[in-house]
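The values are calculated or read from the model by the stated rules, or taken from the named source; none is laboratory data. Quantities reported herein were computed from a predicted structural model and do not represent experimental measurements. Here the Cβ positions follow ideal geometry from the backbone for every residue, glycine too, while neighbour counts run over all protein chains shown.
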Amino acid sequence: MSTDKPRSTPTKVCPSCGTRVSESAPRCLVCGHQFTGAGRKATPASVTSGGPGGVPELRLSIPIAIGLLASFLIVGGALTFAALAGTGRVTQPTPIPSASVSPTATLSPTPETPTPTSTMQPTYTPLAYSVQAGDDCSRIAAIFDILNQDIILANSLNANCDIFQNQILVIPQPTFTPTPVATATLGEAEATIAACETEDYVVQEGDSLSLIAVSRGVPIEAILEWNRLTTDSVFIGQRITIPFCMQTFVGGATVTPTLAPPYPAAELLLPADGEPFDSSNDTISLQWASVGTLRNNEFYQVTVIDITGGQNRHIIDEVKDTSFIVPTSLRPTDGRPHVYRWSVVTVAQIGVDAEGLPVYVTGGPASETRVFIWTGTSGGATQTP
């Protein structure tokens, strides 16, 4: 058995890529370099003599070739741009503005308002009460701590709350209402109510809502609206709130109870209806019969009107006596007869208005109307009453 080692094949190195190939290979299998001849040593890659004329052969590696091509393109592009710029055919690109980011408003969370809830309150069933001897609405209302009006409304009674023994009455029990939630500010209506000065008045015997209204100087409509009443009927013991912020005149401090029944109409006595008077009468006395004893704030109101003068000449006066002297200021001065109309009515003073003038209400029907004729002097100046 032979033990000889195989002989090594001679090789050579490619001058372009450094790959070792067989010495007899005419071309490098990696980069394709052509060797000059088999069995000879490769010449440098940069310059080799070849060709029949002895012209040097230039061979470049792939990286160098790519670099030269890129340089050629750059130089060519620069020269082309310079040439076009000289002719004015190059347009500068318009810069596109970048969109600015608008600040986004940050919403603060709105605190939730708690919803008030009302607690259910117990309601009570009305009681049945049998009227005993000596009972009246005021006594029953005091026992059950309610108002007379509650008994009247629950039992459909009249304003006087007339009841009889052994009558079964329905006694209403108080109904609880939930307390409203307090607010930080008051509305216009609530502020008016809170600022209004009021008086709690208990209806007395002989009172009427009209008398209470005129005695306090507050219109009856305002009292009805303030107390949420649907009728002007009141009863003894009823509580009424008087809103003085709605007062229209100053009420009298010495107002007497209402006239019930009212005074009768005054009976006129003198002068007779249609009686004439001439220029010799400086004054004329009007007389009537008494209707009764007048109280301190009650008067006879006399009205005399010159219906011929055409200048609204009249006089209204209040007296305590049953006679009245027509003043000379009403006597005609044109020498012609004038017709005068007069009447009498009882009135009661309830206060004074904003100008300090007295305010009256009638205390009964007016008398009949009579006339008299008065012929005055001529040539004098007309006097103003």
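Checking the conditions here, which among 140, 146, 212, 163 is assigned by TED's automatic domain parsing to the domain that holds residue 240, surrounded by 12 or more Cβ atoms within 10 Å (Cβ to Cβ) and at pLDDT 75 or above?
Unique residue meeting the criteria: 212.
If we scan the stretch 271-287, do we find a residue that is at pLDDT 90 or above, out of contact with any Pro (no Cβ under 9 Å at 6 or more places or on another chain), surrounded by 13 or more Cβ atoms within 10 Å (Cβ to Cβ) and among the hydrophobic types (A, V, I, L, M, F, W, C)?
No: zero hits.
In the stretch 339-353, is there at least one residue being out of contact with any Phe, Trp or Tyr (no Cβ under 9 Å at 6 or more places or on another chain) and modelled with pLDDT under 85?
Looking through the stretch 339-353, none of the residues is out of contact with any Phe, Trp or Tyr (no Cβ under 9 Å at 6 or more places or on another chain) and modelled with pLDDT under 85.
Look through the stretch 272-315, keep the residues that are part of a loop (DSSP other than H, G, I, E, B) and among the hydrophobic types (A, V, I, L, M, F, W, C), and return whichever of them is nearest to residue 341 (Cα to Cα).
Among residues in the stretch 272-315 that are part of a loop (DSSP other than H, G, I, E, B) and among the hydrophobic types (A, V, I, L, M, F, W, C), the one nearest to residue 341 (Cα to Cα) is 307.
With 241, 192, 231 as the choices, which residue is part of a strand (DSSP E or B), among the β-branched types (Val, Ile, Thr) and modelled with pLDDT of 60 or more?
Exactly one of 241, 192, 231 is part of a strand (DSSP E or B), among the β-branched types (Val, Ile, Thr) and modelled with pLDDT of 60 or more, namely 241.
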